[in-house]
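As structure tokens, the structure follows; a few thoughts come after it.
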Amino acid sequence: MSDTIVDTPDKILKSASQTLITKTTLLNEGTPDAKREEILHYFHQSFSLYESLFECLASDEAYYQKASPLRHPLIFYYGHTAVFFVNKLNVAKFINQRIDPVLESSLAIGVDEMSWDDLNDKDYEWPTPATVKAYRDKTRALVDQFIRTCDLTLPIQWNDPMWIVMMGIEHERIHLETSSVLLRELPLNHVKSHPLWSNICNETSAAPTNELLPVAGAAVTIGKSQDDPMFGWDVEYGKQVTQVADFNASKYLVSNAEFHEFILAGGYKNRKYWTQEGWDWVQYKKAEMPVFWSQSENGYAYRTMLQEIDMPWDWPADLTYLESKAFCEWKSETTGKLIRLPTEPEWYRLRDNVDTDQPFWNNAPGNINLEFDMSSCPVNRHECKGGFFDIIGNVWQWTETPIDGLEGYKVHPAYDDFSTPTFDGKHNIFKGGCWISTGNYAIKDARYAFRRHFYQHSGMRYVEAEPLPEIKMNIYELDDAVSQYIEFHYGDEYFNVPNFPVACIAECMKVAAETTKERALDLGCATGRSSFELAKHFDHVDALDFSARLIQAPSKLQSTGIQRYAIQDEGDIVTYKEITLEELGYQEIKDKVNFMQGDACNLPEKFTDYDLVFAGNLIDRLYDPTKFLQLIKTRIRSGGFLVLTSPYTWLEDFTEREKWLGGFKAETGENFTTLEGIKDALAPDFQQVGTAIDVPFVIRETRRKHQHTVAELSVWKKQ
């Protein structure tokens with residue numbers, strides 16, 4: 001193995017694009033020594049290519065200019081990708097050293113664009129470009145040495161040291177593209193010509209007339225397995241199968257000329273074409289045309305990354321999702337057809353017309369991977385099968401699909417906030433890559449999403465298709481109280497204490513083994529584990545809880561088969577978790593349960609005629625427990641059972657003192673327990689079965705704080 005750095009910054013550009021390594025690395029083939037050398041080369045190429053982008057800035061002053069009020073200045077991004085390497089290697093515990101703790105904090109977070117209606121005017125003390133460059137040099141040397149000496153076995157998997165190196169490289173490839181957009185937004189006097197990045201397309205003519213072409217429907221599978229040969233971000237793994245119906249798709253990406261028709265028709269002035277979010281954005285931006293257009297008495301001009309040129313009408317229009325959505329509304333009105341953006345699965349049907357993928361192609365089948373121009377190009381240059389053009393490359397293509405994890409999604413422990421913050425219904429997926437998409441950005445399975453007002457080298461292809469299907473989001477439950485209950489019901493067991501709802505229902509079935517098992521009621525079901533357990537034994541289960549927030553969790557699990565939540569570790573640090581009906585074994589019995597919000601002290605008449613009622617840890621949280629017991633006696637069949645559990649933590653916040661069932665001195669001066677109060681309230685209709693037993697439970701509050709409680713379980717049989 002060589003003892004010198006494979007490529008220095010000045011070496012990378014000598015042969016222009018022929019020298020550039022733009023293809024991601026296969027992680028499952030070759031020998032360890034050869035793979036180590038390959039990744040070392042890939043790292044230095046990526047590091048140098050990224051630095052070359054900042055050579056396009058005309059002065060040090062330009063590093064501090066905010067290209068967008070919603071993004072940091074470029075000085076942040078110049079250093080951010082370097083501190084990422086150091087931070088992630090430390091987080092993964094593969095190194096225990098710092099280069100500059102101040103920079104590794106100040107340049108670590110703040111990448112995702114801020115909301116346009118919630119500006120962040122915080123003042124920052126930015127380092128100088130020279131300071132950041134010196135830091136980058138030290139990072140280069142550190143990572144170089146790490147690559148040369150870390151353990152390496154093939155295939156490289158996501159817990160391996162070299163996976164974190166690949167994460168840093170692909171992360172820098174992402175910011176190569178996003179930083180190029182910020183350069184494009186800077187005033188021209190802050191950028192300058194560059195031997196690589198100024199080589200834009202010099203071809204333009206009249207735009208072709210767009211038309212719709214047929215696409216056959218089929219079952220589409222999205223997601224890759226853990227044994228995929230390439231690096232991937234956590235959001236790419238898992239599986240989703242969708243049956244896509246036949247549809248029609250535009251032959252070309254929407255060109256500047258085609259979008260100009262929308263402008264001439266008053267598109268930016270007519271509220272009816274825009275969503276509420278889109279129209280609010282138009283008002284905020286005072287938008288009249290796409291961001292990279294300008295107009296003067298000489299006509300329209302178009303901004304590339306480093307220069308302004310006469311409008312290339314046959315190049316694709318650079319658009320936000322909001323503009324793309326409005327265009328589709330206008331197109332629907334003018335054509336009388338149902339025009340919209342494609343969904344992610346529909347785009348994959350189009351992608352089937354490209355029979356290769358990076359890194360396997362010899363030549364890119366589109367304007368992508370820096371294999372052609374340092375800009376967009378005409379929409380009719382790169383033809384694919386089926387008569388379509390630019391299925392990949394040129395500009396990203398917005399979809400109607402908000403980003404979400406696929407079935408089986410797991411958070412990577414070294415980068416737990418890469419994807420999860422975007423699972424909010426506000427970040428839409430775009431597909432296909434653009435002219436500067438390289439590495440993982442340019443592969444078929446890449447799944448990236450941005451806010452809908454985000455500027456990127458992004459445009460659109462429209463489809464004529466069935467109405468947009470209902471989109472169901474599996475957003476992470478972040479409410480601490482709800483998440484604690486989900487973990488309590490479905491999560492890990494702590495300190496060897498068995499799962500409480502499962503243990504309780506097991507005790508129920510010991511006494512109710514011989515009874516009829518038609519109907520059961522779970523009162524105070526919270527997040528529903530006991531309800532599903534009851535459904536293993538009963539034909540029908542009604543499950544009620546007073547809290548609408550709590551009842552939403554099992555209802556969502558029942559309807560979607562999945563529930564994601566985050567539990568607090570310490571401070572703002574959380575662990576992301578996921579449960580599924582399939583893993584829990586409830587898939588076959590889930591429809592036996594009817595989840596509803598309800599008041600145990602005021603049950604509607606329809607909740608009656610039960611063989612068993614379970615009220616878990618409920619009675620000491622009711623405003624009138626005696627009323628509840630008098631009511632529930634009438635809702636249980638003769639021979640049926642009432643099972644109560646409670647730690648008897650009576651509090652006046654929940655129950656007025658005079659309504660406590662026990663936990664006080666009786667008139668005789670003797671202690672009067674809750675169990676005695678329950679017995680009195682249920683007599684003479686119910687008799688206790690056996691003796692009450694203790695059932696312990698643990699509620700996790702944080703990684704180092706837990707509530708260890710012991711509930712008393714008592715069983716009562718109706719005579």
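Take L550 and tell me if it is more than 24 Å from the chain's Cα centre (by Cα) and in contact (Cβ under 8 Å) with a residue 60 or more places away in the chain.
Against the criterion (more than 24 Å from the chain's Cα centre (by Cα) and in contact (Cβ under 8 Å) with a residue 60 or more places away in the chain), L550 does not qualify.
Please count how many residues of the stretch 400-424 are of a type in the set (S, T, Y) and in contact with a Ser or Thr (Cβ under 6 Å, 6 or more places away or on another chain).
Quick first cut of the stretch 400-424, residues of a type in the set (S, T, Y) only: 401, 409, 415, 419-420, 422.
Pick out the ones that are also in contact with a Ser or Thr (Cβ under 6 Å, 6 or more places away or on another chain) and you get 401.
Number satisfying all stated conditions: 1.
Quick check on my filter: what residues within the stretch 272-314 are under 17 Å from F259 (Cα atoms) and part of a strand (DSSP E or B)?
Hits for the stretch 272-314 are W293, S294, Q295, G299, Y300, A301, Y302, R303, D310.
What single numbered condition from (1) part of a loop (DSSP other than H, G, I, E, B); (2) surrounded by fewer than 16 Cβ atoms within 10 Å (Cβ to Cβ); (3) within 27 Å of the chain's Cα centre (by Cα); (4) of a type outside the set (F, W, Y) fails to hold for P195?
P195 satisfies all of (1) part of a loop (DSSP other than H, G, I, E, B); (2) surrounded by fewer than 16 Cβ atoms within 10 Å (Cβ to Cβ); (3) within 27 Å of the chain's Cα centre (by Cα); (4) of a type outside the set (F, W, Y) except (3).
Please go through the stretch 347-380 and pick out each residue that is among the charged types (D, E, K, R), in contact with a strand residue (DSSP E or B) (Cβ under 9 Å, 6 or more places away or on another chain) and under 21 Å from A317 (Cα atoms).
Correct list: R351 only.
For D591, are the conditions met, namely being in the same structural domain as L644 (by TED's automatic domain parsing), charged (D, E, K, R) and touching a Cys at 6+ places or on another chain (Cβ under 8 Å)?
It is false that D591 is in the same structural domain as L644 (by TED's automatic domain parsing), charged (D, E, K, R) and touching a Cys at 6+ places or on another chain (Cβ under 8 Å).
If the Cβ limit is 6 Å and pairs must be 6+ apart or interchain, which residue in the stretch 326-355 that is assigned by TED's automatic domain parsing to the domain that holds G393 pairs with which residue that is basic (K, R) and outside any helix (DSSP H, G or I)?
Listed pairs, sorted by first residue: C328/R340; W347/K431.
Can you pull out every residue in the stretch 628-652 that is of a type in the set (D, E, K, R) and exposed (fewer than 15 other Cβ atoms within 10 Å of the Cβ)?
E652
Residues in the stretch 178-202 that are closer than 19 Å to G459 by Cα and either modelled with pLDDT under 95 or not aliphatic (A, V, I, L, M) (or both): how many? First the steps, then the outcome.
Filtering the stretch 178-202 down to residues closer than 19 Å to G459 by Cα leaves 178-185, 200-201.
Retained after the next criterion (residues that are either modelled with pLDDT under 95 or not aliphatic (A, V, I, L, M) (or both)): 178-180, 184-185, 201.
Qualifying residue count for the region: 6.
Kindly provide the set of residues from the stretch 568-622 that are touching a residue at least 60 places away in the same chain (Cβ under 8 Å) and among the hydrophobic types (A, V, I, L, M, F, W, C), ordered by number.
Result: V574, I579, L584, V593, F595, A600, F607, L612, V613, F614, A615, L618.
Quick one: would you say T655 is at pLDDT below 95 and surrounded by 18 or more Cβ atoms within 10 Å (Cβ to Cβ)?
Here the answer is yes, as T655 does meet what is asked.
Among the residues in the stretch 316-339, are any in contact with a Cys (Cβ under 7 Å, 6 or more places away or on another chain) and of a type outside the set (A, V, I, L, M)?
Going residue by residue through the stretch 316-339, those that are in contact with a Cys (Cβ under 7 Å, 6 or more places away or on another chain) are 339.
From what is left, the residues that are of a type outside the set (A, V, I, L, M) are none.
No, the conditions are met nowhere in the stretch 316-339.
Write out, first by first residue and then by second, each pair whose Cβ atoms fall under 7 Å of each other, whose residues are 6+ apart or on separate chains, and whose first residue, in the stretch 650-669, is assigned by TED's automatic domain parsing to the domain that holds T626 while the second is of a type in the set (S, T, N, Q) and not in a loop (DSSP other than H, G, I, E, B).
K659/T626; L661/T626; L661/T674; G662/T674; G663/T674; K665/N671
Could you please let me know if H260 is within 28 Å of the chain's Cα centre (by Cα) and either closer than 25 Å to S324 by Cα or of a type in the set (G, A, S) (or both)?
no
Filter the stretch 483-497 for residues that are of a type in the set (F, W, Y) and assigned to a helix (DSSP H, G or I) and give the result.
Listed by number, the residues that qualify are Y485, F488, Y490.
Quick check: anything in the stretch 334-355 polar (S, T, N, Q), over 32 Å from the mean Cα position of the chain (by Cα) and either at pLDDT 95 or above or not in a helix (DSSP H, G or I) (or both)?
Checked against the condition, which is being polar (S, T, N, Q), over 32 Å from the mean Cα position of the chain (by Cα) and either at pLDDT 95 or above or not in a helix (DSSP H, G or I) (or both), the stretch 334-355 yields at least one hit.
Looking at W163, W197, which is the one that is out of contact with any Ser or Thr (no Cβ under 9 Å at 6 or more places or on another chain) and touching a residue at least 60 places away in the same chain (Cβ under 8 Å)? Walk me through how you get there before you give the answer.
Numbers: W197 fails: out of contact with any Ser or Thr (no Cβ under 9 Å at 6 or more places or on another chain).
Just a single option satisfies the conditions, and that option is W163.
Condition (residue is surrounded by fewer than 24 Cβ atoms within 10 Å (Cβ to Cβ), at pLDDT below 95 and within 19 Å of R340 (Cα to Cα)) applied to the stretch 370-391: is it met by at least one residue?
no
Output the residue which, of all residues in the stretch 392-438 that are of a type in the set (K, R) and out of contact with any Gly (no Cβ under 9 Å at 6 or more places or on another chain), is modelled with the lowest pLDDT.
Once the filter is applied, the top-ranked residue is K426.
Identify, from the list E470, E514, E507, the residue that is more than 25 Å from P421 (Cα to Cα) and either surrounded by fewer than 16 Cβ atoms within 10 Å (Cβ to Cβ) or without any contact (Cβ under 8 Å) to a residue 24 or more places away in the chain (or both).
Only one candidate qualifies: E514.
Being in contact (Cβ under 8 Å) with a residue 24 or more places away in the chain, surrounded by fewer than 19 Cβ atoms within 10 Å (Cβ to Cβ) and under 28 Å from I436 (Cβ atoms) narrows it down to one of T275, T204, so name that one.
Values: T275 fails: under 28 Å from I436 (Cβ atoms).
It is T204.
Working only within the stretch 576-589, note down all residues that are charged (D, E, K, R) and farther than 30 Å from H412 by Cβ.
E588 - this is the single residue of the stretch 576-589 that is charged (D, E, K, R) and farther than 30 Å from H412 by Cβ.
Read through the list (1) buried (at least 24 other Cβ atoms within 10 Å of the Cβ); (2) in contact with a helix residue (DSSP H, G or I) (Cβ under 7 Å, 6 or more places away or on another chain), then give the number of the only condition that L521 fails.
Every listed condition holds for L521 apart from (2).
Please verify whether G561 is more than 20 Å from E407 (Cα to Cα) and not assigned by TED's automatic domain parsing to the domain that holds K410, treating the condition exactly as stated.
no
From the list D569, D599, D591, exactly one residue is of a type outside the set (V, I, T), modelled with pLDDT of 90 or more and closer than 20 Å to V482 by Cα. Which is it?
Exactly one residue qualifies, and that residue is D569.
The values are calculated or read from the model by the stated rules, or taken from the named source; none is laboratory data. As the structure is a prediction and not an experimental result, all values here were calculated from the model. So basically every Cβ, Gly included, is an ideal-geometry build from the backbone, and we count neighbours across all protein chains shown.
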